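Have a look at the structure below, then the notes.
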Amino acid sequence: MKSTGKSLKSALDLAMERLEKRDGAMARLTDAQKTALAEVDRKTKAKQAELEILGSDRLAKAGEDPEKIELIKTEQRAEIEKIKVRAEEEKERIRKGAAS
């Protein structure tokens, strides 16, 4: 394989190039924004894991009661959805800083 003198591009860089070709130029993210976005993802995953652990404990205590089990699962899904929505809102605020 020949070396073209160009460095390898990350998947993010390649995706951004495809989006630019399709939708026009987009704001570039700074390293600080990329770090902040990664931190939001890390915290979101940690919160989800915590909820799953707490939910497992609650399910174990619910025993065989199907109504309690369904209530716990419904509450857990709603909490996870809230966490995801908040994370996306935070990520959008971070991304909008790139347009400034």
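The values are calculated or read from the model by the stated rules, or taken from the named source; none is laboratory data. Everything quoted here is computed from the prediction, not taken from an experiment. Because the Cβ atoms are built from the backbone with ideal geometry, glycine has one as well, and the counts that use them run over all protein chains shown.
Hey, can you tell me all the residues within the range 73-85 that are surrounded by 14 or more Cβ atoms within 10 Å (Cβ to Cβ) and either in contact (Cβ under 8 Å) with a residue 40 or more places away in the chain or among the aromatic types (F, W, Y) (or both)?
Of all residues in the range 73-85, those surrounded by 14 or more Cβ atoms within 10 Å (Cβ to Cβ) come to 73, 76, 79-80, 83.
None - no residue of the range 73-85 is surrounded by 14 or more Cβ atoms within 10 Å (Cβ to Cβ) and either in contact (Cβ under 8 Å) with a residue 40 or more places away in the chain or among the aromatic types (F, W, Y) (or both), so the list stays empty.
Residue check: is K73 modelled with pLDDT of 95 or more and part of a helix (DSSP H, G or I)?
Working: modelled with pLDDT of 95 or more: no; part of a helix (DSSP H, G or I): yes.
Considered against the rule, which asks whether it is modelled with pLDDT of 95 or more and part of a helix (DSSP H, G or I), K73 comes out as no.
Quick check on this structure: which one of L51, L29 is of a type in the set (A, V, I, L, M, F, W, C), touching a residue at least 60 places away in the same chain (Cβ under 8 Å) and either surrounded by 14 or more Cβ atoms within 10 Å (Cβ to Cβ) or out of contact with any Cys (no Cβ under 9 Å at 6 or more places or on another chain) (or both)? First the steps, then the outcome.
Numbers: L51 fails: touching a residue at least 60 places away in the same chain (Cβ under 8 Å).
Testing whether each residue is of a type in the set (A, V, I, L, M, F, W, C), touching a residue at least 60 places away in the same chain (Cβ under 8 Å) and either surrounded by 14 or more Cβ atoms within 10 Å (Cβ to Cβ) or out of contact with any Cys (no Cβ under 9 Å at 6 or more places or on another chain) (or both) leaves just L29.
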